[in-house]
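Before any comments, here is the structure.
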């Protein structure tokens, strides 16, 4: 029953948007009565939160695995390009599988500082920071700043590529983003540390 309701919630969210996703519509799409829905979820936000949680959990697992596997395969002395490329490919794969759901999440679901999406981004920040420090970044604050910058840049540009459909080949975009992000990180890591000073 829960699976049917969550699947229906996802479909209604995509077709009707956040404002149009009522519990009655979700129940009808699931083939259950509103009363049956309320046995599992108190309101529409609870259903949609479950939809979002599952989407983000799957994306986090996929992106984190691609990132960590590529870091391990490249070895400690390698540049960041292999990890960046693998992460971009995993992210674009995930976004590309459900672009309509991605659009609703980005454009219609609120993103509060303490919300689920912010928490997801924060965990990716921590993951990237840990790898930067393991690569010899000696200044934690600067490593965290570099991670925050990279994660937000990648999120914005990959989301834009999927939703805007700019008419560019994916391989070309991945090459450009890899050069952008890896170039930034490798520069910040040059000399075995993330630079702790601001621009001179």
- Query: Counting pairs of alpha carbon atoms under 8 Å apart in space and at least six apart in sequence, what relative contact order in percent does the chain give?
  - Reply: 21 percent
- Query: Stretch residue 134-residue 24 to full length: gain in nm at 0.36 nm per residue minus the Cα-Cα span?
  - Reply: 34.5 nm
- Query: Over the alpha carbons of the range 1-42, what is the largest minus smallest coordinate on each principal axis, giving the biggest first in Å?
  - Reply: 23, 16, 15
- Query: Of the listed peptides 86-97, 38-49, what is their order by residue-averaged count of other C-beta atoms within 10 Å, with the highest listed first?
  - Reply: 86-97, 38-49
- CD proxy, 222 nm, the chain: helix-only mean residue ellipticity via -39,500 (n - 2.57) per DSSP H run with n ≥ 4, per residue, nearest 500, stands at -26000 deg cm²/dmol
- Message: Just to be sure I follow: if Rg is taken over the C-alpha atoms of the range 25-81 and Rh is the Kirkwood radius over the same atoms, what is Rg/Rh?
- Response: 1.37
- Would you mind putting 13-19, 178-184 in packing order, based on average other-beta-carbon counts within 10 Å, highest first? 178-184, 13-19
- If you line up the Cα atoms of the chain on their principal axes, what length do they span on each, largest first, in Å? 63, 36, 33
- Task: May I ask you to order 66-73, 5-12 by the average number of other C-beta atoms within 10 Å around their residues, highest value first?
- Result: 5-12, 66-73
- Message: Is the C-alpha gyration tensor of the range 34-120 telling us rounded, prolate or oblate? Criteria: a/c under 1.5 is rounded; beyond that, a/b larger than b/c is prolate, otherwise oblate.
- Response: prolate
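Bear in mind these aren't lab numbers, they're just calculated from the coordinates by the rules spelled out. Computed from a prediction, not measured in an experiment: that's the story for all the values here. Positions of Cβ are backbone-derived with ideal geometry, glycine not excepted, and every protein chain shown enters the neighbour counts.
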